[in-house]
Amino acid sequence: MFIVHVFVRVKTEDINVFKAATIENASNSVKESGVARFDVIQQQDDPNRFVLVEVYRTPDDANSHKETAHYRKWRDIVASMMAEPRSSIKFSNIFPDEQGWG
């Protein structure tokens, strides 16, 4: 699996619109065959901060995701809502492995 954590800080006035746009994107993303999981989480003590936890079957699936209409729509809608540029960290899972055996 190829896991990406995307860190986002949103302007206070845009939180609700950002959440709606991001949930729409996530709802479409989980329909992609290469997406195993797509979580949208909001920080409890700073509601302006979000993490998107994107789990892809392969790195190529992550690249394909960025070519979808729903991702491009999300990217364009939320661009002006960012309080700072979003960042990401890429991970590989070590447990469980792809067969679920660890």
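Just a few scattered comments:
- Over the chain, Cα pairs under 8 Å with separation of 6+ residues give a relative contact order of 43 percent.
- Dipole magnitude for the chain: computed about the Cα centre from +1 point charges on Lys and Arg Cβ and -1 point charges on Asp and Glu Cβ, it is near 180 debye.
- Ordering 6-14, 81-89 by mean Cβ neighbour count within 10 Å, with the highest value first, yields 6-14, 81-89.
- Karplus-derived HN-Hα couplings along the stretch 13-21 (A = 6.51, B = -1.76, C = 1.60, θ = phi - 60°), whole Hz, x at Gly and Pro: 5, 10, 4, 5, 5, 4, 4, 4, 5
- Placed amide H near residue 36: partners under 5 Å, 5+ positions off or other chain: 55, 56, 57
- Between 0 and 90 degrees, the angle of helix 69-78 with respect to the longest Cα principal axis of the chain falls at about 40 degrees.
- By average C-beta atoms within 10 angstrom, highest first, the peptides 31-40, 63-72: 31-40, 63-72
- In whole percents, the pair-distance distribution calculated for the chain from its alpha-carbon pairs, binned every 5 Å from zero, is 2, 13, 23, 25, 18, 11, 6, 2, 0.
All of the numbers you see were taken from the coordinates with simple rules; none came from a lab. Model, not experiment: these values are computed from the prediction. Positions of Cβ are backbone-derived with ideal geometry, glycine not excepted, and every protein chain shown enters the neighbour counts.
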